[in-house]
1. Would you pick out the residues in segment 140-156 that are in a strand (DSSP E or B) and of a type in the set (Gly, Ala, Ser)?
2. Take segment 1-28 and flag every residue that is of a type outside the set (Ser, Thr, Tyr), at pLDDT below 85, open to solvent by 100 Å² or more (accessible area, probe 1.4 Å) and under 60 Å from the mean Cα position of the chain (by Cα).
3. If a residue must be among the small types (Gly, Ala, Ser), surrounded by 11 or more Cβ atoms within 10 Å (Cβ to Cβ) and under 28 Å from Glu174 (Cβ atoms), how many such residues does segment 141-155 contain?
4. Can you tell me which of (1) surrounded by 13 or more Cβ atoms within 10 Å (Cβ to Cβ); (2) in contact with a Ser or Thr (Cβ under 7 Å, 6 or more places away or on another chain); (3) over 16 Å from Pro39 (Cα atoms) is the one Glu138 doesn't meet?
5. When you check Val100 against the structure, is it in contact with a helix residue (DSSP H, G or I) (Cβ under 7 Å, 6 or more places away or on another chain), assigned to a loop (DSSP other than H, G, I, E, B), free of Cβ contacts under 8 Å to residues at least 60 places away in the same chain and among the aliphatic types (A, V, I, L, M), yes or no?
6. Being among the aliphatic types (A, V, I, L, M), part of a loop (DSSP other than H, G, I, E, B) and either at pLDDT 95 or above or farther than 28 Å from Ala28 by Cβ (or both) is the filter here; which residues of segment 40-92 pass it?
7. Run Ile105 past the list (1) in a strand (DSSP E or B); (2) at pLDDT 95 or above and report the number of the one that doesn't hold.
8. Among the residues of segment 49-70, which ones are closer than 18 Å to Arg91 by Cα and either open to solvent by 90 Å² or more (accessible area, probe 1.4 Å) or over 22 Å from the mean Cα position of the chain (by Cα) (or both)?
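The values are calculated or read from the model by the stated rules, or taken from the named source; none is laboratory data. Just so we're clear, the structure is a prediction, and the values are computed from it rather than from any experiment. Reconstructed Cβ throughout: ideal geometry from the backbone, glycine too, with neighbour counts over all protein chains shown. The accessibility values were calculated without ligands, DNA or RNA, using every heavy atom of the protein model including side chains. Shrake-Rupley method; radii C 1.70, N 1.55, O 1.52, S 1.80 Å.
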Amino acid sequence: MKNWMYNIGLGALFIATVLTLSYFGLNAYTRHGEKIIVPNVLKTKPFEAEAMLSEMGLRMKIIDTVYLDNMKPGVIVKQLPEANEDVKSGRMVYITVNAVSRPRISMPKLTDCSFNLAKALLKNAGLLLGKVTYEYAEYGNNLVIAQRVGGREIEAGQKVLKGTTVDITVVDTELTPTSDSTAIDTELENPEE
């Protein structure tokens, strides 16, 4: 009987010791109560942000590059965790940087599409609608029959810079053909509508 009580006492002492060490050990391991407020590094260059963050005991990693034409090239446009959040020292701050140059994209196929579909394809590709020329034909009203960049025909799939202006020629069956010209140049007032 005495041996049995001795074993229970040792077990209870062991459990109390483990719980006490765990309680104080976890506080030290997780740095309980220690916090750093994340600075705002948006609109700064990555090397400046890295210096600022490392000075505060934080680390930085670039996870993405995007192109935003309303931001300066090469600056930080997004950070996680965001500014003014509480973090522990050694925390990684993930950033997204604005590209230094406009990306090259594939020219979409606008020919044989309706005028409205061509506008949507241009907008989705990050291209701008330029001069719209209407040309008479007996059939295919509102059909795009040509696409040009800088006055030259451009094929679908060719690489162009994002934000390039694309001129198109559209069929209009309601125009009356004349002997001197079959085309009318029109500048759109608001191509986004």
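1. Correct list: Ala146 only.
2. Within segment 1-28, Phe24, Leu26 meet the criteria.
3. 1
4. (1)
5. no
6. Those that are among the aliphatic types (A, V, I, L, M), part of a loop (DSSP other than H, G, I, E, B) and either at pLDDT 95 or above or farther than 28 Å from Ala28 by Cβ (or both): Val41, Leu42, Leu68, Met71, Val75, Ala83.
7. Single failed check for Ile105: (2).
8. Passing the criteria: Glu50, Ala51, Met52, Leu53, Ser54, Glu55, Met56, Gly57, Leu58, Arg59, Lys61, Ile63.
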